[in-house]
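The values are calculated or read from the model by the stated rules, or taken from the named source; none is laboratory data. Remember, predicted model here, so these are calculated numbers, not experimental data. For neighbour counting, all protein chains shown are included, and Cβ atoms are generated from backbone atoms with ideal geometry for every residue, glycine included. Surface accessibility is based on the protein's heavy atoms, side chains included, excluding ligands, DNA and RNA. Shrake-Rupley method; radii C 1.70, N 1.55, O 1.52, S 1.80 Å.
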Amino acid sequence: MSAETVAIALLKRFSEKQLPKASDLEWLVSEQDAPQALLPLPNSFPVAPDESDMTDASKRTRIRGNFEWAPPRAQIIFNIHPAPKQKVQMAKQNYRCAGCGMKVEPGFAKRFRYCEYLGKYFCQCCHTNAVAYIPGRILQKWDFTRYYISNFARDLLIKMNLDPLFNIQDINSGLYRKVRALDTVREYRDQLYYFKTFLKMCRYGERLLEDLDNRPPHWFTDSHVYSLQDLVEVKTGELLPVLKSLVMECFKHVSQCQLCRAKGFICELCNNGKDVIFPFELNKVTECPTCHSCFHKACYIPDKCPRCARIESRKLQLSRMSPPNDAR
């Protein structure tokens with residue numbers, strides 16, 4: 001249900017009821033404390049799109065939209081619309097095109113075309129049978145079928161194609177279990193996040209860092225966030241080899257660079273000095289979420305980080321050494 005439908009329903013429900021006077025309401029800030037002034041009324045009026053009366057059009061601005069129709073808004077839709085019933089949906093649209101507001105007689109409503117993205121019907125001028133991937137169907141069912149959409153939805157999806165708008169973890173985390181390639185991409189992106197941190201502090205990794213900087217920034221920030229283009233490339237198999245190649249290059253650099261090797265960790269729980277570990281070794285290393293120290297997965301015990309214990313002990317000692325404020 002769109003915002004326009006909710007607003008129209010509320011207006012119809014409360015149109016016959018008397019609203020309380022402003023003087024009867026209890027305000028958090030009185031008029032004396034914060035004098036208020038009414039904003040000037042807009043010098044415009046809503047009109048139906050098929051009205052041709054242009055009286056005083058030179059003096060006032062005509063606003064598209066009224067109680068029966070409003071133009072579509074740019075919106076990101078994550079869900080899948082239920083199977084359309086044209087008679088029901090067209091009645092909700094007041095037998096108007098969702099794009100231009102053109103009125104149609106019920107007998108000719110069958111000529112209207114359905115937009116799979118917006119879930120509304122459009123006239124043949126606003127819907128030229130363009131096809132595109134539907135984000136909701138990809139996120140919910142991993143369905144990459146191209147569906148018919150309106151011209152407005154086509155332009156909108158083209159604009160958002162490269163924008164990182166979809167968080168898989170929040171929308172449908174089950175996709176990681178369903179799609180193995182998507183889970184592998186997430187692991188590579190987690191590794192690249194740590195690799196880029198190392199390269200930023202290494203003067204020998206400038207060329208490799210420049211290569212990473214030329215990639216989409218969201219690849220290295222949140223491994224759960226994808227653009228529509230990313231999801232399509234996961235499906236076609238184009239993204240996985242690109243990320244794998246970057247990971248292999250970064251791993252080769254870190255393993256051969258003395259500066260990067262010096263930033264590794266020794267597991268404080270087993271104290272194996274011969275095994276230098278790194279946070280990008282996701283299969284055998286666990287990172288403390290608080291202090292970001294690294295430990296072997298087999299050694300690490302949650303909430304038993306020795307470095308966190310030292311930090312807390314040092315804070316406690318400093319608090320005991322500092323004199324209280326009231327002792328002055």
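In segment 104-132, which residue that is in contact with a Ser or Thr (Cβ under 6 Å, 6 or more places away or on another chain) and of a type in the set (A, V, I, L, M, F, W, C) is nearest to Ile77 (Cα to Cα)? Walk me through it before giving the result.
Looking only at segment 104-132, we keep the residues that are in contact with a Ser or Thr (Cβ under 6 Å, 6 or more places away or on another chain), and these are 115, 122, 126-127.
Retained after the next criterion (residues that are of a type in the set (A, V, I, L, M, F, W, C)): 115, 122, 126.
Working: Cys115: 13, Phe122: 18, Cys126: 19 Å.
Looking at residues that are in contact with a Ser or Thr (Cβ under 6 Å, 6 or more places away or on another chain) and of a type in the set (A, V, I, L, M, F, W, C), I get Cys115.
Of all residues in segment 100-137, count the ones that are open to solvent by less than 60 Å² (accessible area, probe 1.4 Å) and not in a loop (DSSP other than H, G, I, E, B). So that I can check it myself, show each step before the final result.
First pass over segment 100-137, keeping only residues open to solvent by less than 60 Å² (accessible area, probe 1.4 Å): 100-101, 104, 109, 112, 114-119, 121-123, 126-127, 130, 132-137.
Adding the requirement that they be not in a loop (DSSP other than H, G, I, E, B) leaves 109, 114-115, 121-122, 130, 132-133, 135-137.
Total meeting the criteria: 11.
Kindly check whether there is at least one residue in segment 272-280 that is loosely packed, with under 10 Cβ neighbours inside 10 Å and either in contact (Cβ under 8 Å) with a residue 12 or more places away in the chain or within 39 Å of the chain's Cα centre (by Cα) (or both).
Here is the first cut: in segment 272-280, the residues loosely packed, with under 10 Cβ neighbours inside 10 Å are 273-274.
Add one more test, that the residue is either in contact (Cβ under 8 Å) with a residue 12 or more places away in the chain or within 39 Å of the chain's Cα centre (by Cα) (or both), and what stays is none.
No: segment 272-280 contains no residue that is loosely packed, with under 10 Cβ neighbours inside 10 Å and either in contact (Cβ under 8 Å) with a residue 12 or more places away in the chain or within 39 Å of the chain's Cα centre (by Cα) (or both).
Report whether or not Lys252 is among the basic types (Lys, Arg), over 16 Å from Cys202 (Cα atoms) and open to solvent by 60 Å² or more (accessible area, probe 1.4 Å). Even if it seems obvious, please write down each step before you answer.
Numbers: among the basic types (Lys, Arg): yes; over 16 Å from Cys202 (Cα atoms): no; open to solvent by 60 Å² or more (accessible area, probe 1.4 Å): yes.
Spelling it out, it is not the case that Lys252 is among the basic types (Lys, Arg), over 16 Å from Cys202 (Cα atoms) and open to solvent by 60 Å² or more (accessible area, probe 1.4 Å).
Hydrophobic (A, V, I, L, M, F, W, C) and under 20 Å from the mean Cα position of the chain (by Cα), is that true of Val185?
Values: hydrophobic (A, V, I, L, M, F, W, C): yes; under 20 Å from the mean Cα position of the chain (by Cα): yes.
Taking the combined requirement at face value, the residue satisfies it.
Applying the selection to segment 150-170, what residues are crowded, with 16+ Cβ neighbours inside 10 Å and either in a helix (DSSP H, G or I) or on the phi > 0 side of the Ramachandran plot (or both)?
Result: Asn151, Phe152, Ala153, Arg154, Leu156, Leu157, Ile168.
Which residues, counting only those in segment 66-88, are surrounded by fewer than 20 Cβ atoms within 10 Å (Cβ to Cβ) and touching a strand residue (DSSP E or B) at 6+ places or on another chain (Cβ under 6 Å)?
Correct list: Asn66, Pro71, Pro84.
Any idea which residue in segment 299-313 is nearest to Val276 (Cα to Cα), counting only those that are more than 34 Å from the chain's Cα centre (by Cα) and open to solvent by less than 100 Å² (accessible area, probe 1.4 Å)? Step through it out loud before you land on a result.
We begin by selecting, within segment 299-313, every residue more than 34 Å from the chain's Cα centre (by Cα); these are 299, 304, 306-307, 309-313.
Within this subset, residues satisfying the condition of being open to solvent by less than 100 Å² (accessible area, probe 1.4 Å) are 299, 306-307, 309, 311, 313.
On the way: Cys299: 14, Pro306: 18, Arg307: 17, Ala309: 22, Ile311: 23, Ser313: 26 Å.
Among them, the one singled out is Cys299.
Can you go through Arg154, Arg96, Arg137 and tell me which one is more than 21 Å from Val232 (Cβ to Cβ) and in contact (Cβ under 8 Å) with a residue 12 or more places away in the chain?
On the way: Arg154 fails: more than 21 Å from Val232 (Cβ to Cβ); Arg137 fails: more than 21 Å from Val232 (Cβ to Cβ).
Just one listed residue meets the conditions, Arg96.
Would you pick out the residues in segment 200-218 that are open to solvent by less than 50 Å² (accessible area, probe 1.4 Å), modelled with pLDDT under 90 and of a type in the set (A, V, I, L, M, F, W, C)?
Let us first name the residues in segment 200-218 that are open to solvent by less than 50 Å² (accessible area, probe 1.4 Å), namely 202, 205, 208-209, 211-212, 216, 218.
This time we only want the ones that are modelled with pLDDT under 90, so: 202, 205.
If the condition is that a residue be open to solvent by less than 50 Å² (accessible area, probe 1.4 Å), modelled with pLDDT under 90 and of a type in the set (A, V, I, L, M, F, W, C), then Cys202 is the only one that fits.
Report whether or not Arg177 is assigned to a helix (DSSP H, G or I) and free of Cβ contacts under 8 Å to residues at least 24 places away in the same chain. Explain how you work it out, then say what you get.
On the way: assigned to a helix (DSSP H, G or I): yes; free of Cβ contacts under 8 Å to residues at least 24 places away in the same chain: yes.
Judged against the criteria, Arg177 is a match.
Here's the yes/no breakdown for (1) touching a residue at least 60 places away in the same chain (Cβ under 8 Å); (2) open to solvent by 50 Å² or more (accessible area, probe 1.4 Å); (3) closer than 30 Å to Thr184 by Cβ:
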residue: Val225; (1), (2), (3): yes, no, yes
residue: Val247; (1), (2), (3): no, no, yes
residue: Val285; (1), (2), (3): no, no, yes
residue: Lys315; (1), (2), (3): no, yes, no
